[in-house]
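Working notes for the structure below.
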Amino acid sequence: MGQRMNYARRLIPIAVLLALAAFPLSGNDYYIGLAIKIMIYAIFALSLQLLVGGAGLISLGHAAFFGIGAYAAALLSPESEAGGLLWLLAAALGSAAIYALITGALALRTRGVYFIMVTLAFSQMAYYVFHDTDIGGGSDGIYLYFRPQMSLAGWMPFDLENPGVYYLFVLVCLALTWGFLAMLGRSPFGAALTGIRLNEQRMRAAGYSTFPYKLTAYVIGATLAGLAGFLYALKDGFVTPELLTWEQSGLVLLMVILGGMHRLGGAVLGTVTLILLQELFQSQALFGDYAKHWHLPLGLTIIALVALLPNGLAGLPAQWRERRETRRGTSAAPHSSASTVPSSASAGTGPRADASRSRTASSSFAIASPTGTSNNAAAAQSLSIPGGPHA
Amino acid sequence: MDTSTFLIQCLNALQHGLLLFLVASGLTLIFGIMGIINLAHGSFYMIGAYMAFALNPLVERWLGGGFVTTLVLCLVLAIVLGYVLEAAFFSYLYRRDHLQQVLMTYGLILVFEEIRSLLVGNDVHGVPVPAWLAGSVPLGDILTYPVYRLFISAIGIGVAILLYWVLTRTRLGMMVRAGASNREMIGSLGIDINRLYRIVFAAGVALAALAGTIAAPVSSVYPGMGNSVLIMCFVVVVIGGIGSIRGAFLAAMLVGTVETFGQVLFPSAAGILVYVLMAVILLCKPEGLFKQG
């Protein structure tokens, strides 16, 4: 029975992938466009999930890397012909990574709320560079006329101008991003990040030099956000400074938190939910003239979802299970205490909470295996080995 | 830049900084004492400005007009709004972690903006400067400076002095300061923390709304006016050190000066300058200029 469950679990992603790959055959342009948008934002949200859910680094400036990736694609593309895909992709990811390396090295000196604000500051700087100078056409933005092509000595394996092919390309990028992050989460590096999220001081005491880990995570997250931005530029063929605004950073953070921070699926679930809610409330067919006031129901829905789902959408099954167990009378105490502890440790609590946090931190580790995430178990394991790689 | 232009820019910087201080002081108190990241604080500024716009004709019709009457009415309404909001919404946020507060107050921004759009629409509106403040004082040979801007600065300085007095000389101020340095401790010392929270929150809303109300005749009212102020105020709060009124005052002055003179001296880089300032300050002092507690 357990084995069969395991097989089923392994088959689910493949089935989902196949279903998604077959989706363009349905042929409705609107839905294909919507699916592409969701997938791009899913990559974007996954890249932030590595920082927020993985390393506990709450960034309110992640849109900078999205925008830089998009601008790199638009600025470096030749105007009258298609650019080379590989070179443009490398340039987009590289420029996002370089900006992340410079700003991350500085921003990671701060923590908590201050880190949130410094990342915001750096993304606002990038925003004003594109908004106030003529580099990318100022506030009007810039066009990208041809989607880049990949050609190997005259032979083109695929043509991105074809919407179906472009859809598949985005899907492959999403699948690769997911696979890469899942692998990263299971690796010693991912376990170290989880340890840093839960208790950085303890990780340092265990012999880890935490700064390089955090910086590496920051740069990887930014690079993947650059990938999302690159795909976004290709999607519309149009890039504006709006992509770098703090509202954009807030939106993607919203997706991550709404889905539930500590799981990859959560980021994707949050993205799908938020974008579909936006589309739903904007639909004139359903709401008529009130559709232009779609922010109101969206805002109320966000408030309601957060109020009802403290662990995000992905935490919903666990929440139900817990409630059922309480109703049955079995003790649910370890569940409830464990689910509150890591969130308080991961959140950027104010500086005053630091002292109390470090005092309670040792006890938080003892019970920090909340709601069955494998990451935390791995971190606990790696911590029990005396001395890390940097001992 | 000659002397009188320089003087005018100095006065502008002062006025801009004081307005920022009004909004940021409430934000820093709510942040420092209640531990809430309130993204909706900019909306209170917006609400204040729109109240000035919407109440002005009503006051003229029913109460015989008068700028001061409008101002007082706005303040009273803002205090009521703050009190009700705290009781109905924010009091549930204390137990949530920061990220969820960010989410919920983000949702609140959307709600406030849309309610504004439903009630008043999306047009830009001007608000008349009251007649007795409409003049201008001569400055140098040709240049003049509007009295109303001086009035804004005067109110800002007045409120700053009042805040200083309340915080350092009264029992309430003592409790607020104690709350800013250790929240759990003053609760266990038998101070009614819920009442304190409610007062602080209502005061914060009133300060932001006051800033919006008096700024409306200068800046006019427009959609999204809260968001730009919000980000600037977070910059001020963080530069000053969370929970510190003194820090907020100093940082507001600094940011006001940099923004005003940046726009005159380096128009193309004006937007970036403030963030450069913030990054530099935080990299030298990672917890702001005046860290509380």
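B:Ile115 meets each of the listed conditions (1) in contact (Cβ under 8 Å) with a residue 60 or more places away in the chain; (2) within 14 Å of chain A (Cβ to nearest Cβ); (3) part of a helix (DSSP H, G or I) apart from (1).
The set of residues in the range B:266-293 being part of a helix (DSSP H, G or I), at pLDDT 80 or above and out of contact with any Gly (no Cβ under 9 Å at 6 or more places or on another chain) consists of B:Pro267, B:Tyr275, B:Val276, B:Leu277, B:Met278, B:Ala279, B:Val280, B:Leu283, B:Cys284. Here is the figure for the range B:18-42: residues that are among the small types (Gly, Ala, Ser), at negative phi and more than 10 Å from the chain's Cα centre (by Cα) total 2. Taking the condition out of contact with any Lys or Arg (no Cβ under 8 Å at 6 or more places or on another chain), buried (at least 24 other Cβ atoms within 10 Å of the Cβ) and in contact (Cβ under 8 Å) with a residue 40 or more places away in the chain, does A:Ala72 pass? Against the criterion (out of contact with any Lys or Arg (no Cβ under 8 Å at 6 or more places or on another chain), buried (at least 24 other Cβ atoms within 10 Å of the Cβ) and in contact (Cβ under 8 Å) with a residue 40 or more places away in the chain), A:Ala72 qualifies.
When every residue of the range A:290-305 is checked against the conditions, at least one turns out to be surrounded by 15 or more Cβ atoms within 10 Å (Cβ to Cβ) and outside any helix (DSSP H, G or I). Of the residues making up the range A:224-249, just one is farther than 23 Å from A:Phe146 by Cα and under 12 Å from the mean Cα position of the chain (by Cα), namely A:Ser249.
The set of residues in the range A:1-52 being over 25 Å from the mean Cα position of the chain (by Cα), in a helix (DSSP H, G or I) and among the polar types (S, T, N, Q) consists of A:Gln3, A:Asn6, A:Ser26.
Check A:Thr110, A:Thr103 and return the single one that is within 14 Å of chain B (Cβ to nearest Cβ) and outside any helix (DSSP H, G or I).
Details: A:Thr103 fails: outside any helix (DSSP H, G or I).
Exactly one residue qualifies, and that residue is A:Thr110.
Checked against the criteria, B:Val76 counts as among the β-branched types (Val, Ile, Thr) and modelled with pLDDT of 90 or more. When each of B:Leu55, B:Leu29, B:Leu103, B:Leu20 is tested for being modelled with pLDDT of 90 or more and either surrounded by 18 or more Cβ atoms within 10 Å (Cβ to Cβ) or not in a helix (DSSP H, G or I) (or both), the lone residue that passes is B:Leu20.
Scanning the range B:241-253 for residues that are in a helix (DSSP H, G or I) and buried (at least 22 other Cβ atoms within 10 Å of the Cβ) gives B:Ile245, B:Gly247, B:Ala248, B:Phe249, B:Ala251, B:Ala252.
From the list B:Phe290, B:Phe261, B:Phe234, B:Phe266, the lone residue that is within 25 Å of B:Ile8 (Cα to Cα) and in contact (Cβ under 8 Å) with a residue 40 or more places away in the chain is B:Phe261.
Each residue in the range A:123-142 was checked for being in a loop (DSSP other than H, G, I, E, B) and over 19 Å from A:Ile102 (Cβ atoms), and 4 of them qualify.
Looking at A:Gly207, A:Gly221, A:Gly229, A:Gly250, just one residue is within 14 Å of chain B (Cβ to nearest Cβ) and either assigned to a helix (DSSP H, G or I) or over 21 Å from A:Leu60 (Cβ atoms) (or both), and that residue is A:Gly250.
Name the helices (runs of 4 or more DSSP H) wholly within the range B:159-240 that hold at least 1 residues that are away from chain A (no Cβ under 14 Å)?
Details: elements: B:171-181, B:183-188, B:193-219, B:225-240.
The qualifying helices (runs of 4 or more DSSP H) are B:171-181, B:193-219, B:225-240.
In the set (1) over 14 Å from A:Tyr71 (Cα atoms); (2) outside any helix (DSSP H, G or I); (3) modelled with pLDDT under 85, the condition left unmet by A:Tyr145 is number (1). Please verify whether the range A:109-120 includes one or more residues that are basic (Lys, Arg), surrounded by fewer than 22 Cβ atoms within 10 Å (Cβ to Cβ), out of contact with any Asp or Glu (no Cβ under 7 Å at 6 or more places or on another chain) and more than 30 Å from A:Ala15 (Cβ to Cβ). So far as the range A:109-120 goes, yes, one or more of its residues are basic (Lys, Arg), surrounded by fewer than 22 Cβ atoms within 10 Å (Cβ to Cβ), out of contact with any Asp or Glu (no Cβ under 7 Å at 6 or more places or on another chain) and more than 30 Å from A:Ala15 (Cβ to Cβ).
The values are calculated or read from the model by the stated rules, or taken from the named source; none is laboratory data. Since the structure is predicted, the reported quantities are computational estimates derived from the model, not experimental observations. Here the Cβ is made from the backbone with ideal geometry for all residues, glycine too, and neighbour counts use every protein chain on show.
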